[in-house]
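Just so you know, all these numbers are worked out from the coordinates, no wet-lab data involved. None of these values were measured; they are calculated from a predicted model. A quick note on method: Cβ atoms are made from the backbone with ideal geometry, for glycine too, and the neighbour counts reach across all protein chains shown.
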Amino acid sequence: MRGTPNRFLGTLLTGVAVAAVTACGSGGEDKEACRKIISTMDAVQVRHSTARGDIRSVIQAYEKASLEIVAEGQKARGDIEAAADEVAAAYGDVAAGLRRMNTGDLDGAPDLTAITRARTKLRTACPA
């Protein structure tokens, strides 16, 4: 009976330490998620600038990137996940705006500044 409290306390502290590390995520996971998110964003930017009138492929690129960015952000959690969600929302809004413009609604122009703000927030949240 004598070792039981110490064993219990040791197990409890180990569990707390594991939970803390898991909740924070590892720096490697955060860096990898950030790398993938930024790479996805760069690919969309290239696609947008080289589309040459193929608006449907640009819309699809923004929509696909939005989903990929959310998935990667969930792997990192915390500030990175929140920033990734903002980027994904901005990409979704741009896709919707481009879709409206493609149907002739010129008042539905997308707000590209939202992407710039979200990208800055993501770069700030990502580990160096």
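Two decimals, Cα atoms only, Kirkwood Rh: what is Rg/Rh over region 29-124? Write down the numbers at each step before the final one.
On the way: Rg = 13.2 Å, Rh = 13.3 Å.
My calculation puts Rg/Rh at 0.99.
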- Bins of 10 Å from zero: percent of alpha-carbon pairs in region 63-117: 28, 44, 21, 7
- Just order 59-70, 34-45 by mean Cβ neighbour count inside 10 Å, highest at the front, would you? 59-70, 34-45
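Could you sort 103-109, 121-127 so that the peptide with the highest average Cβ count within 10 Å comes first and the rest follow in order? Could you put the intermediate results ahead of the total?
Numbers: 103-109: 9.4, 121-127: 16.0.
Sorting 103-109, 121-127 by mean packing, highest first, produces 121-127, 103-109.
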